[in-house]
1. For the stretch 233-258, give me each residue that is farther than 20 Å from S279 by Cβ, among the aliphatic types (A, V, I, L, M) and touching a residue at least 24 places away in the same chain (Cβ under 8 Å).
2. Restrict the check to the stretch 178-185 and report whether at least one residue is at pLDDT below 95 and assigned to a helix (DSSP H, G or I).
3. Which residue out of K417, K404, K408 is in contact (Cβ under 8 Å) with a residue 40 or more places away in the chain, surrounded by fewer than 18 Cβ atoms within 10 Å (Cβ to Cβ) and more than 28 Å from the chain's Cα centre (by Cα)?
4. Which of the residues that make up the stretch 32-52 are in a helix (DSSP H, G or I) and surrounded by fewer than 16 Cβ atoms within 10 Å (Cβ to Cβ)?
5. Looking only at residues that are of a type in the set (S, T, N, Q) and not in a loop (DSSP other than H, G, I, E, B) in the stretch 253-271, which one is farthest from K307 (Cα to Cα)?
6. In the stretch 327-370, what count of residues is obtained for those that are among the basic types (K, R), at pLDDT below 80 and either crowded, with 20+ Cβ neighbours inside 10 Å or in a helix (DSSP H, G or I) (or both)?
7. So, in the stretch 430-452, how many residues would count as being in contact (Cβ under 8 Å) with a residue 60 or more places away in the chain and over 17 Å from S189 (Cα atoms)?
8. Cβ contacts < 6 Å: first residue closer than 15 Å to D297 by Cα, restricted to the stretch 360-373; second residue assigned to a helix (DSSP H, G or I) and not acidic (D, E), any location; separation 6+ or different chain. Result?
Amino acid sequence: MSSTTSNDCPIRQIIKRDGNTVEYDRDRIATAIFKAAAAVGGSDRDIAEELAQSVERMLVATYHPKSIPTVEDIQDIVEKVLVEEGHARTSRAYIIYRHERAKARQSREKIVEATDNIPYKKIYEVLRWNMAHGCDTVEGLNRIIAKGRLPELIAACEERYSAEVAQGAEAMIERMPDIRMVIIAGPSSSSKTTTTIKASERLAEAGMKLRTLNVDHYFFDLEMHPKDEFGDYDYETPQALDLALINEHLEALLAGKTIRTPNYDFKTGTRQLDVHEMSLAKDELLLIDSLHGLYDDMTRSIPREKKFRLYIETLGQVRNEQGQFMRWADNRLLRRMIRDSWHRNLQPMQTLTHWHYVRRSELQNIIPFIGTVDYLVNSALPYELPILKHKLFHYFPAAMEELKNEPKRQDAYIRAKRVFEMLESLTPVEDDSIVPARSLLREFIGGSEYSY
C-alpha cells in the first residue's frame, strides 16, 4: 500500500519497535482507528480517516520537522485525539487493542525460535552486540587490549549477561504461581551454576523463597558408569545419573514430603545415600541446574505446566582473520579444561581427549530440546578468550604433536588444531584480577565470591 501523507506533512518516517526506520503511512493510523471503532459497533471509515488526519496535525504540531516519532509516540497521540474528539468508547477499544498487541509481541519474544537446533535470531543479536562493542573479531579484541580498554569490555559483557539472567527471572515470576520448578539447563561449562545463583538472587529480591536440588549428587558410583573402547568412564550420559531416584525425590518434594538426597564425591567417584535432608514448602520454588535438565526422563514425574525451562549456551560470535568463528563447544572446552584440573582432579589433556563424550551426549540429549525452552541466555564473554589463552594455549601444540598419529584420537587432534588456529594470533592476558569476583568466568578460573 502506498503511503498517504498530505503533501505539506513534514513527517516522512517513523521508528518501529525494533529500531528500524520506515516510511510514515497515515493510512495505517486510520486502519487501526477503524478496527477499534468496529470493535464497539462503528462502521464509518470516513470518520476514521478524519481522525487520522487530526492525529497527523497533532504530530506536526508536537514534533520538530526533522524529528522522527516512534510507533509508541503516534499511538499515544491517537489515544489523546480519540478522547478529545468525543470517541471515548473507540478510545477504550483502541487501548485494549494496543495492550493485546503488546502482549502478543511479548509472547512471541519469549519463544525460543530454533531451526536445526540453532537459535538464529539470538545469534544475530549476539553478533550485533559484539560488533557494536568492537569485539566480534580477534583483531578487534587485540585492539581493545592494546588500548587498555579491556576493563571497559569486561564491564559491558558482565552487564549484558546479568541483564539477560534478570530478564529470565522476570519471565519466571510472570508464570507464578503455576510453576513449582525452574530448570536451568545447558551443555557442559555453559555456566549453569552461576546462572542459577544469579537467577536465585533476582527471584529472592522479588520475595520468592527458593530451594536448590543439586542433581550432581545423584551420579551413580563411578564403577557403574558406562565405558568406551578406551576404558574411560562417561559422566556425560543421562544414564550416569540415578534418574529413578531423582524423579522419586522431585515428586515427593512437590507433594510437601521430606527427602534425604545423596552426596557424591567426584574425587573418589562414590556416592553416599540419604545424606542431605530437604523439603519444599508450598510457597517455595524448586530450582535445578542440570546438564540434562531438558532430558524428558530427568523430570518426567512433574507435569510440564509446573516447570519453567531456561537454557544457557555460549553463543559466542568472535571470528579470526580467516573468518572462522570460535565454536561454542570449543569455548566451553577451554572453560572445562581449567575447571576439571581443580575440581575433578583431571589434567587438561584428559579433558581434551574425553571431550567426545561431552559432544556426543550434547547432540543426543541436550541440543535437540533447545526449541522447547521458555528462555535462552547467552553466557559467552568475548573478553574471556584472551584470559583463557594465557592459561591454556601451551597445551595445544603438545596435544597436536601427541595426537596427530593416533588413529583413535583424531577427533581430539582436529579439535586441538582448530582451537590452536583460532587463538594463535590473539593477544593473551595474564592478569585476571580485572575479572569481577561474581563473574561467571570465576566459576571456571576460581576466585569467585560464590560457593560452588
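1. L241, L243
2. No: the stretch 178-185 contains no residue that is at pLDDT below 95 and assigned to a helix (DSSP H, G or I).
3. K408
4. K35, A38, A39, R45, D46, E50
5. The initial filter retains those residues of the stretch 253-271 that are of a type in the set (S, T, N, Q), namely 258, 261, 263, 268, 270.
Adding the requirement that they be not in a loop (DSSP other than H, G, I, E, B) leaves 261, 263, 270.
Numbers: T261: 21, N263: 25, T270: 30 Å.
Only one residue tops the list, namely T270.
6. If we filter the stretch 327-370 for residues that are among the basic types (K, R), which is where we start, we get 327, 332, 335-336, 339, 344, 359-360.
Right, trim to at pLDDT below 80 and you get 344.
Next, from what is left, pick out any that are either crowded, with 20+ Cβ neighbours inside 10 Å or in a helix (DSSP H, G or I) (or both): none.
Within the stretch 327-370, residues that are among the basic types (K, R), at pLDDT below 80 and either crowded, with 20+ Cβ neighbours inside 10 Å or in a helix (DSSP H, G or I) (or both) number 0.
7. Of the residues in the stretch 430-452, 3 are in contact (Cβ under 8 Å) with a residue 60 or more places away in the chain and over 17 Å from S189 (Cα atoms).
8. Taking only residues 6 or more apart or on different chains, the pairs are N365/P238.
The values are calculated or read from the model by the stated rules, or taken from the named source; none is laboratory data. Note that this is a predicted model, so its numbers are computed, not measured. All Cβ positions, even for glycine, are placed from backbone atoms using ideal geometry, and neighbour counts span all protein chains on display.
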